[in-house]
Amino acid sequence: MSSRAAERPSPPRGASTPPEASAAALQTRGAVAFLTPALLLIGIFLVFPALWTLYLGITDYRLTGIQAAQPQVIGLDNYASALGDPAFANSLWVTLLYVLGSAVIGQLGLGFALAWTFRRWRGPARNALEVLVIAAWIIPSSVVAFLWIAFLDTHNGTLNAALGNADIPWLFSWPLLSIIVFNTWRGTAFSMLLCGGALNTLPPSHLETARLAGASNWQQLRDIVLPSIRGHLLTNLLLISLWTFNDFTPYLITAGGPNFATDTLPVYIFRNALINFQLGYGAAISAILLLINLVIALVYLRLLRARS
Amino acid sequence: MVRDGTTPTPDSIPGPSEAALQVRRLLSRIGFYLFIVIVGAYFALPMLWLVFAPFDPHPTLAAAVPSSVTLSNFSDLLKNPNALRSLVNSIVLAGATMVLVVAAAAPAAYALSRVRIPGRDLLLYVLLLFSSVVTGTAAMVPLFLLVFNLGLINTDVGVVLVLAGGLMPAGIFILKDFVDSMPKSYEESARVFGASSFQILRDIVLPYARPGLAVIAVWVVVNVWSNFLIPFILIRDPGLMPAAVVVYNFYTEGGQADLRLLSSFGLLYSIPVVVMYLFVNRRYGFRFYGGIKG
């Protein structure tokens with residue numbers, strides 16, 4: 001292509017097209033037309049709902065009755081009642097433990113360990129394990145939720161059978177731990193793939209030099225590998241934390257129970273807003289979740305910028 | 001890195017610590033295999049049920065190799081109107097969302113890649129920000145109300161619009177990447193030879209971007225096919241529910257779940273996602289954009 005470009009006659013001078021637009025099949029006005037459908041959809045179904053949440057959160061909106069026709073602005077009452085509600089405090093605490101346990105420790109820890117293991121290990125067993133980890137990540141959530149209900153079942157579950165007919169009621173006695181272990185299983189693939197990509201960017205010669213100098217595996221890891229892929233690990237951590245804060249899948253396994261032990265913020269919002277139809281209150285909690293997302297996303301984007 | 005310059009090289013190690021080194025090596029081997037076995041069991045055991053139960057004439061909740069292999073669970077499934085209709089619903093939702101996202105994201109990606117629109121960088125930043133911040137869970141209240149007020153509750157259209165709006169930013173980013181990688185000289189040459197804008201788009205840009213369009217199409221289908229929350233909150237009529245919600249109803253509604261039906265349906269519903277993931281992965285490799293899984 002470049003040779004043909006060299007032979008071509010030079011374009012007529014003085015054409016009125018600005019330099020950058022001359023190549024494209026579009027001028028600025030055309031570009032706006034090209035952008036409009038996508039931006040319209042994003043505006044109505046992504047941006048507007050977020051902004052509307054902020055407004056709804058200060059009203060007493062309900063789906064039926066007088067508040068449906070004429071919702072009253074009640075200021076920060078929803079937020080005040082949320083902050084004073086032990087159920088909300090419980091939900092926030094459960095969510096933090098869920099994110100910390102399943103995303104930060106579980107997915108990132110296990111994902112990195114697997115990527116580190118896979119780095120030099122080859123063969124069919126490795127490939128089989130990799131496929132399994134990825135399958136756990138891509139099979140639809142309503143299917144994996146039932147797989148875990150069956151796996152953890154008290155009398156017939158595979159886990160108790162593997163432990164010698166233990167009959168432990170996992171989802172009843174250890175509900176939060178159960179969904180943390182579930183979500184680690186569910187999401188490790190992403191961290192594994194991302195860490196694997198990060199490890200591949202390391203020049204092999206660095207590790208080779210360190211090994212020849214007598215550094216142990218652990219020393220290589222601590223002094224060379226972790227400092228050089230710190231940026232990748234941090235972006236990974238932010239993304240999986242954001243997703244886990246917003247993960248609705250625990251609902252499919254425990255529906256928030258027993259006795260609110262797995263009542264994460266998404267489940268709490270769902271129950272208050274769409275089952276009890278306290279839409280204003282639900283919107284206020286949504287706004288809090290949006291704020292958490294915003295903080296994580298801003299840090300994430302700042303990191304991305306700093307790196308590029 | 002080893003900070004101590006006097007660390008002995010392997011040659012200078014005296015005899016006894018050579019043995020100690022071997023013990024350490026053995027222990028780390030054992031540790032390695034232990035780790036692999038435990039992690040392998042952790043990932044394999046919950047999955048086994050989906051492999052065995054669909055072919056077991058009498059499946060229980062425990063994963064067990066069936067004593068006799070049968071396909072009768074699948075033939076019974078094909079007679080179940082709920083399951084089949086939900087698969088059709090899933091196909092309709094995924095197909096419609098895919099067409100909408102590709103049709104709107106492709107021109108937007110082209111314009112953002114090729115034309116220096118004022119404020120373009122800010123626009124891209126805001127898109128990335130919103131696409132990661134506004135998740136289905138965080139926005140379920142306004143999304144439900146918006147669709148309710150538009151009179152689209154209980155319709156495919158409502159679900160398609162919401163999903164398309166959510167997937168659009170990431171779709172634009174992926175496609176923009178493809179257009180960015182296309183040399184501008186292609187379009188320049190065509191223009192020099194007198195091609196009209198429309199001809200350039202149809203004969204040069206479109207064929208070049210076709211692999212990108214295929215990837216984005218499959219990626220949208222995978223996302224819609226697996227999505228549970230949006231149809232769960234927006235559709236109440238059982239006849240309109242996609243497979244994601246109907247699978248869930250199979251084990252939460254009406255007492256004892258029919259494990260023969262549930263297992264075969266779960267497998268049938270999962271296979272397309274796995275196949276499509278492999279397709280995208282082969283064509284495009286592992287990447288991700290903003291807040292959306294790739």
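The values are calculated or read from the model by the stated rules, or taken from the named source; none is laboratory data. On a predicted model such as this, the values are computed, not experimentally measured, just so you know. All Cβ positions, glycine included, derive from the backbone under ideal geometry; neighbour counts span all protein chains shown.
Side notes on the structure shown:
- Those residues of the range B:131-164 which are under 26 Å from A:Phe277 (Cα atoms), touching a Pro at 6+ places or on another chain (Cβ under 7 Å) and either outside any helix (DSSP H, G or I) or touching a residue at least 24 places away in the same chain (Cβ under 8 Å) (or both), in sequence order: B:Val134, B:Thr137, B:Ala139, B:Leu143, B:Val159
Let's see how each residue does on (1) in a helix (DSSP H, G or I); (2) farther than 30 Å from A:Tyr281 by Cβ:
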{"residue": "A:Leu39", "(1), (2)": "yes, yes"}
{"residue": "A:Leu54", "(1), (2)": "yes, no"}
{"residue": "A:Pro71", "(1), (2)": "no, no"}
{"residue": "A:Ser91", "(1), (2)": "yes, no"}
{"residue": "A:Gln107", "(1), (2)": "yes, yes"}
{"residue": "A:Arg126", "(1), (2)": "yes, yes"}
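- Filter pass, A:Tyr61 being in a loop (DSSP other than H, G, I, E, B) and surrounded by 14 or more Cβ atoms within 10 Å (Cβ to Cβ): yes
- Of A:Asn236, A:Asn293, all but one fail to be facing another protein chain (nearest Cβ under 8 Å), crowded, with 23+ Cβ neighbours inside 10 Å and either under 13 Å from the mean Cα position of the chain (by Cα) or in a loop (DSSP other than H, G, I, E, B) (or both); the exception is A:Asn293.
- Scanning the range B:108-146 for residues that are crowded, with 24+ Cβ neighbours inside 10 Å and of a type in the set (A, V, I, L, M) turns up B:Ala108, B:Ala109, B:Ala111, B:Leu112, B:Val133, B:Val134, B:Ala138, B:Ala139, B:Met140, B:Val141, B:Leu143.
- Residue within the range A:256-266 that is at pLDDT 90 or above, crowded, with 24+ Cβ neighbours inside 10 Å, part of a helix (DSSP H, G or I) and hydroxyl-bearing (Ser, Thr, Tyr) present: no
- Among (1) out of contact with any Asp or Glu (no Cβ under 7 Å at 6 or more places or on another chain); (2) at the interface with chain A (Cβ under 9 Å from one of its Cβ atoms); (3) over 19 Å from B:Ala53 (Cα atoms), the one test that B:Arg236 misses: (2)
- Look at (1) within 12 Å of another protein chain (Cβ to nearest Cβ); (2) touching a helix residue (DSSP H, G or I) at 6+ places or on another chain (Cβ under 7 Å) and you find that A:Val104 fails only one, number (1).
- Exactly one residue out of B:Ala83, B:Ala96, B:Ala41, B:Ala105 is surrounded by 16 or more Cβ atoms within 10 Å (Cβ to Cβ) and either under 30 Å from A:Ile292 (Cα atoms) or facing chain A (nearest Cβ under 9 Å) (or both): that is B:Ala105.
- Any hit, the range A:259-273, residues being over 14 Å from A:Ile179 (Cβ atoms), more than 10 Å from chain B (Cβ to nearest Cβ) and not polar (S, T, N, Q): yes
- Residue check for A:Val143: free of Cβ contacts under 8 Å to residues at least 12 places away in the same chain, at the interface with chain B (Cβ under 10 Å from one of its Cβ atoms), surrounded by 16 or more Cβ atoms within 10 Å (Cβ to Cβ) and β-branched (Val, Ile, Thr): yes
- Lone unmet requirement of (1) modelled with pLDDT of 85 or more; (2) assigned to a helix (DSSP H, G or I); (3) under 19 Å from the mean Cα position of the chain (by Cα); (4) over 21 Å from A:Gly84 (Cβ atoms) for A:Ile269: (4)
- Flag for B:Leu175 being buried (at least 20 other Cβ atoms within 10 Å of the Cβ), within 12 Å of another protein chain (Cβ to nearest Cβ) and touching a Pro at 6+ places or on another chain (Cβ under 9 Å): no
- Within the range A:80-113, the set of residues being surrounded by fewer than 17 Cβ atoms within 10 Å (Cβ to Cβ) and modelled with pLDDT under 85 comprises A:Ala80, A:Ser81, A:Leu83, A:Gly84.
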